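Trainee: Handing you a structure now.
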Amino acid sequence: MKRFFKPIEKEGSTAAKKPCLLSPEKRDGDGDGVGEEKNQKEPSKFVTWNANSFLLRVKNNWSEFSKFVSDFDPDVIAIQEVRMPAAGGKGKPKNPEELSDDTKVLREEKQILTRALSSPPLANYQVWWSLADSKYAGTALLVKKCFKPKKVYFNLDKLASKHEPDGRVILAEFETFRLLNTYSPNNGWKEEENSFQRRRKWDKRTVEFVNKTSDKPLIWCGDLNVSHEEIDVSHPEFFATAKLNGYVPPNKEDCGQPGFTPSERGRFGAIMKEGRLVDAYRYLHKEQDMESGFSWSGNPIGKYRGKRMRIDYFLVSEQLKERIVSCKMHGRGIELEGFYGSDHCPVTLELSKPSSETEQKQVFN
């Protein structure tokens, strides 16, 4: 089988640097998050990325993405649009936490992903999957093994055995905060059960989630499929008047590019207000950056050339905003530099460490 990723680097190489060491008995562990070491610090460096097929990125763009991971050295990597089917089939129940190997092709694809994730720089991470029944949507969460979460859920209801349809949610609970990784559903162009209504229901449930989980600070990341303000798109007029096949929704609040309709933007603002959430990127970057201020870019060929949106976010609870050190989008220009084969670029967040035990306790107040 052809290898689509870099071989294991020799000791001292960039790909193998910055290990996160655990005692031998803590290396493997199950998914229940039993027992961090007493003085173990919490994650502070994060990456979110809509890979637009994780398998394709491993096959075609792995050396570049691996270098990016090695250089930034994140504690947590949140992936959206994994696009790998869940295990189970031919009368067997689906298991959204496992990659399917029901056919020869799927076994080979699973092996490609498994080998990539067991090689530097990702060998030091534990991975959780939440997968759809087919090669659609799906999310993954990679956490350095020394930052093992106390509990991992796969839905907004915090029910351990329930997965969000299409694998859109992974929620990791750490000692002092929760990390939510979502691939939010696209609004769509028409008033149909699987588009406008689906997105409205999603937003309603998200409001309920942020209200119910206010006991602990939240870091919410992922492809949230919405651009909040005009500053978050490259061509506001283009996106505000966009149509598909000439269709115009009856409600003007639903008109425009999915992700930039007044209805979606208004609900997104309400979620942020209700959850007392801060947009980490906009907190640091007040002005529009036409070169590297957007996380999604249209196809370089056609009418979407040069049309870009910021739809991938880190939202953090207000208690954490003073700890925001940096939040960056790593793609540049309209030729998708730094996108690593996807139509989304990675977004990073770095938080400072609490300066004292007292400060760490204050995040709960």
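Every number here is computed from the coordinates shown, using simple stated rules; none is lab data. Remember, predicted model here, so these are calculated numbers, not experimental data. Cβ: placed from backbone, ideal geometry, glycine included. Neighbour counts: every protein chain shown.
Trainee: Could you give me the percent of Cα pairs per 5 Å distance bin for the range 257-357, shortest bin first, beginning at zero and ending with the bin that holds the maximum distance?
Mentor: For the range 257-357, the binned pair fractions read 2, 12, 20, 20, 20, 14, 8, 3, 1, 0, 0 percent.
Trainee: Given 5 Å bins starting at zero, what is the percent of C-alpha pairs of the range 210-318 in each, up to the one with the largest pair distance?
Mentor: Taking all Cα pairs of the range 210-318, the binned fractions are 2, 11, 21, 22, 19, 12, 8, 4, 1, 0 percent.
Trainee: Another one. What FRET efficiency would be calculated for the residue pair Ser355, Tyr283, taking the C-beta separation as r and a Förster radius of 25 Å, to the nearest 0.05?
Mentor: Plugging the Cβ-Cβ distance into 1/(1 + (r/R0)^6) gives 0.80.
Trainee: Any idea what the dipole of the range 232-365 comes to, in debye rounded to 20, about its Cα centre with Lys/Arg Cβ at +1 and Asp/Glu Cβ at -1?
Mentor: The dipole of the range 232-365 has a size of about 200 debye.
Trainee: Against the empirical 2.2 N^0.38 Å scaling, what ratio does the C-alpha Rg of the range 89-202 come to?
Mentor: Normalised Rg, Cα atoms only: 1.19.
Trainee: I would also like to ask the following. Grab the DSSP H runs of the chain that are 4 residues or longer, score each as -39,500 (n - 2.57), total them, divide by all residues and round the 222 nm result to the nearest 500 deg cm²/dmol. Please report the intermediate quantities before stating the final value.
Mentor: Values: 8 runs with 79 residues, N = 365.
Estimated from H runs of four or more residues: -6500 deg cm²/dmol.
Trainee: Next question, about the same structure. At 0.692 mPa s and 37 °C, plugging the Kirkwood radius over alpha-carbon pairs of the range 42-95 into Stokes-Einstein gives what diffusion coefficient in µm²/s?
Mentor: For these conditions, the coefficient is 253 µm²/s.
Trainee: Can you tell me the convex hull volume per residue for the range 236-297, based on C-alpha atoms, in Å³ to the nearest whole number? Please report the intermediate quantities before stating the final value.
Mentor: Details: hull volume 6.5 nm³, N = 62.
Residue-normalised Cα hull volume stands at 105 Å³.
Trainee: Right, something else. For Lys307, which aspartates and glutamates qualify as cross-link partners when the Cα separation must be under 14 Å and same-chain residues fewer than eight apart are set aside?
Mentor: The qualifying aspartates and glutamates are Glu230, Asp232, Glu237, Asp289, Glu291, Glu335, Asp343.
Trainee: Continuing with the same structure: Checking the table Lys45/Lys286; Lys158/Lys204; Lys41/Lys353; Lys94/Lys135; Lys135/Lys190; Lys162/Lys273 against a 18 Å threshold on Cα-Cα, which pairs fail?
Mentor: Lys45/Lys286; Lys135/Lys190; Lys162/Lys273, as the Cα separations exceed 18 Å there.
Trainee: Have a look at the DSSP beta bridges in the range 165-272 and tell me what percent are antiparallel, nearest 5.
Mentor: Rounded to the nearest five, the antiparallel share is 50 percent.
Trainee: While we're on this one: Dimensions of the range 137-262 along principal axes (Cα, Å, largest first)?
Mentor: Sorted from largest, the Cα extents of the range 137-262 read 51, 30, 25 Å.
Trainee: Additional query: Considering just Cα atoms, how many Å³ per residue does the convex hull of the range 293-332 enclose?
Mentor: Value for the range 293-332: 63 Å³ per residue.
Trainee: Run down the aspartates and glutamates and flag those whose C-alpha is under 13 Å from the C-alpha of Lys90, throwing out any fewer than 8 positions away in its chain.
Mentor: Cα-Cα hits under 13 Å: Asp101, Asp102, Asp133.
Trainee: Please compute the length gained on full extension between Lys243 and Thr114, using 0.36 nm multiplied by the number of residues separating them and subtracting their Cα-Cα distance.
Mentor: 42.3 nm
Trainee: Using the scaling law 2.2 N^0.38 Å as the reference, what is the normalised Cα Rg of the chain? Don't skip to the end; give the middle numbers.
Mentor: Numbers: Rg = 20.0 Å, N = 365, 2.2 N^0.38 = 20.7 Å.
In units of the globular-protein estimate, the chain measures up at 0.97.
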